Each structure stands twice: as structure tokens, then as C-alpha cells.
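The values are calculated or read from the model by the stated rules, or taken from the named source; none is laboratory data. Not measured: the values here are computed from a predicted model. Using ideal geometry, Cβ is built from the backbone for each residue, glycine included, and neighbour counts are taken over all protein chains shown.
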Amino acid sequence: MCIARFTAVLIAATLGLAQVAAGFEIEDHKIYPASSPAGVLRIISTGDIDVFEPIILAYQKVNPTISVDYTIASSTELMKAIYDEGETFDLAISSAMDLQTKLANDGFALTHSSAQTAALPEWAKWRNQIFAFTQEPAVLVVSDAFFAADEIPQNREELIGLLRDNPDRFMGRVGTYDVRTSGAGYLFATQDSRSSESFWRLTEVMGRLDAKLYCCTSDMLKDVSSGRLAIAYNVLGSYAQTRLDELPGIRIVELNDFLSVMLRTALIPTTAENIPEARSMVDFLVTLNSRPDLAEQSGLPPIDEALQAANSSLRPIRLGPGLLVFLDRLKRQNFLRSWTSSIEQE
């Protein structure tokens, strides 16, 4: 990208015009300028700035002439930006594997192949267009102030029993994603429904307890820490882990019946303008497992085949056309109708 365009981007960001011009909803935006910019890598991502900043800065140490323009949007807004509005981004990073799969399946992703992507396990990539670089389980987060250590549920059956038998204690104190607006929440919910018959029973129990619904993991974590919630269900474990120090009083529970594992993925949209740097960033991301320093700083657990083999509770969500099932319009409508009637009981 030329220096003139980079200057224009900086001016737009300074004036706040970048967010006004976009038709999709932007949650946050930051530019990481290079000292002698020769190009700009435009990224749209569902990942918070504090999570991805160490990775961006490490990338710029290897690529000192590349400025990074980092835009944060929800997974559904990211999909809208690329699929519906044709926005120009060089890289799309999302926790919603199903939406990323749809983008690739419908012709919105470029193909990329390199030694780094070839080294990925087959389950961590699809059609050389979608590349996973983290494996993040959905966990239960509980309030230390609300629970004695010996009464914390360890599986879904125990959680259902605890909530069902103590309605006064948990009324209004259970949180989970609003799957109508959260792409990651919808992904976890649909995968839970395929993995266990307990999903709908748990949803109905949470509904009877006036469960609080959230768009984002960070908001759920804050409310558990403050005491507004006793439990948050299907929280991204990576985000919870990175916030243990700043949010006292929360505990992460990896349920031992099964853990749905989301793969955070990157793809290069067909609208990309800086394709060489987009390819370079994909290769940098997929080698996160060789940079324990970045994994620790970002809190993002990298792809780890050995961990998958060692823990039988882990259920990685598989990339591929199977993820498109619940994106079918009728199936999605039926699922959301059933979920809404269960979670929003009168």
C-alpha cells in the first residue's frame, strides 16, 4: 500500500472518520505505525487489542516497515463487513469458525500455501484458505465468593442438578452468551447440542433462573468478579485465564464430561490489497506454538497436538462443511426459536 494511502488512514483515524464511514459496527480500532512505513496491513479481528498487541508488535519487529491497522468487530459484524459490504481488509481473524468457513465456502477467501501452513495438523486448516492458530476451550467460570471449593460442579449433570435444586440462590445470577447476537456463542451452543443431550435441559434450567445474556466474554467475567453473577457458562477459557490477575474472585472450571474447543482462525479475504503481508502474517500466526513468550503474553493457547491426545475431554470443533449445517437459514431459525423459548421463559 502506498504511503499516501497510509497517511490518509492515519488522518481518518485521528478525526474518528473511519468508524463513521463503516457500515458495520466497529468496537475498537488502533493503528500501529512503522517507523519508516512501506505498507499497511489492514486486519479485522474479533480479538481484543490487549490480547493481540503483543503479537502485532512481535510481527513488526520482524517486519519493521509494515504498519498494522487493527479493527475490532464482533464475529457477526466481521462477517457483515466482508460478506455483505465488501470492505477492504487484508486479513480476517475470528473466533467464529462456522462464519469463517462460510466465507471460504462462498468464495470470499484466497488460497495460501507455505511451509508454515503445511506443518499444521490437517484438522487445523481447511482448503488452504482457513488456518487455525489457537485452540481455546469453552469453560465454566464461577465466583469464589459464591461457592465453597467442594461444591463447584465438575460436569454438566452436576451443574444442572445444582441450579435446579437451588432456584432462590441462583435466580438472576447465571450468565451465558446471547446466541442470537454472538457468533462464538452460537457456535458453542450448536456444537453443545450435537455433543450432549444435556444441552437443552441446561438451557431450560438457566431460562427458569432468568439467565443474563451477554455479547462478550469480557462482560461476563466482569460480572462474575463483581458478584453480579455466580456462574458464567461457555466462557472462552483463554480470555478468562488472561484476566485472573485483574479480576479477582473468579475461578475457571474445565468440565470433565467434555470441553468444546474453538479454533481461532485467520483467512485472507478476496478484497485484500496487501496480499504479501497478509500471507506473511498468516505464517507468523500459525507458528505461535514456537513462541511460548507470545502465547504467554497474549494468553492465546497455540495449536498443540500433544495436548489434544493427552486430554480425552477435549472436543475440537472441526473445520469444514459440517460447520455450515447450522448456518442454513431454516436450521438457524429453528435452533434460535427453540433456544429463545428455552432461555426466555415467562
- Determine which single condition A145 fails, assuming it passes every other condition in (1) modelled with pLDDT of 95 or more; (2) assigned to a loop (DSSP other than H, G, I, E, B). (1)
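Among the candidates D210, D245, D223, D257, which residue alone is of a type outside the set (S, T, Y), closer than 30 Å to Y59 by Cα and either over 18 Å from the mean Cα position of the chain (by Cα) or not assigned by TED's automatic domain parsing to the domain that holds S95 (or both)? Don't jump to the end; show me each part of the working.
Details: D210 fails: closer than 30 Å to Y59 by Cα; D223 fails: closer than 30 Å to Y59 by Cα; D257 fails: closer than 30 Å to Y59 by Cα.
Answer to the check: D245.
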- Query: Would you pick out the residues in region 76-101 that are out of contact with any Phe, Trp or Tyr (no Cβ under 8 Å at 6 or more places or on another chain), farther than 16 Å from T271 by Cβ and either of a type outside the set (A, V, I, L, M) or free of Cβ contacts under 8 Å to residues at least 60 places away in the same chain (or both)?
  - Reply: T76, S95
- Tell me which of these A266 doesn't satisfy, since it passes every other one: (1) under 15 Å from the mean Cα position of the chain (by Cα); (2) part of a strand (DSSP E or B); (3) at pLDDT below 95. (3)
- Task: Identify all residues within region 215-228 that are out of contact with any strand residue (DSSP E or B) (no Cβ under 6 Å at 6 or more places or on another chain) and not charged (D, E, K, R); write none if there are none.
- Result: C215, C216, S218, L221, S226, G227
- Task: Those residues that are over 23 Å from P301 (Cα atoms), in contact (Cβ under 8 Å) with a residue 60 or more places away in the chain and assigned to a loop (DSSP other than H, G, I, E, B), I need them from region 190-236; list them, please.
- Result: S196, A211, G227, L229, A230
- Query: What are the residues in region 64-94 that are over 20 Å from L110 (Cα atoms) and assigned to a loop (DSSP other than H, G, I, E, B), if any?
  - Reply: P64, T65, A73, S74
- Only one of (1) in contact with a Pro (Cβ under 6 Å, 6 or more places away or on another chain); (2) on the phi > 0 side of the Ramachandran plot does not apply to A92, and that is (2)
- Message: I'd like the full set of residues that are at pLDDT 95 or above and of a type outside the set (A, V, I, L, M), limited to region 66-82.
- Response: S67, D69, Y70, T71
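Going through Y239, Y186 one at a time, which residue ends up being among the aromatic types (F, W, Y), touching a Phe, Trp or Tyr at 6+ places or on another chain (Cβ under 9 Å), assigned by TED's automatic domain parsing to the domain that holds F147 and not in a loop (DSSP other than H, G, I, E, B)? Give the derivation first.
Working: Y239 fails: touching a Phe, Trp or Tyr at 6+ places or on another chain (Cβ under 9 Å).
One residue alone meets the criteria, Y186.
Where residues in region 102-135 are of a type outside the set (F, W, Y) and under 14 Å from the mean Cα position of the chain (by Cα), which of them is nearest to T265 (Cα to Cα)?
Ranking the candidates gives A132 first.
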- Which numbered condition K61 fails, given (1) touching a helix residue (DSSP H, G or I) at 6+ places or on another chain (Cβ under 7 Å); (2) within 22 Å of L288 (Cα to Cα); (3) assigned to a helix (DSSP H, G or I): (1)
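Quick one: which of E136, E158 is of a type in the set (D, E) and part of a strand (DSSP E or B)? Steps first, answer last, please.
Numbers: E158 fails: part of a strand (DSSP E or B).
Exactly one residue qualifies, and that residue is E136.
Condition check ((1) assigned to a helix (DSSP H, G or I); (2) surrounded by 19 or more Cβ atoms within 10 Å (Cβ to Cβ)) across all residues:
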position	(1), (2)
E246	no, no
R279	yes, yes
L324	yes, no
T340	yes, no
Q345	no, no
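Look at R279 and say whether it is at pLDDT 90 or above, more than 27 Å from L202 (Cβ to Cβ) and out of contact with any Leu (no Cβ under 6 Å at 6 or more places or on another chain).
Working: at pLDDT 90 or above: yes; more than 27 Å from L202 (Cβ to Cβ): yes; out of contact with any Leu (no Cβ under 6 Å at 6 or more places or on another chain): yes.
When the stated conditions are applied, R279 passes them.
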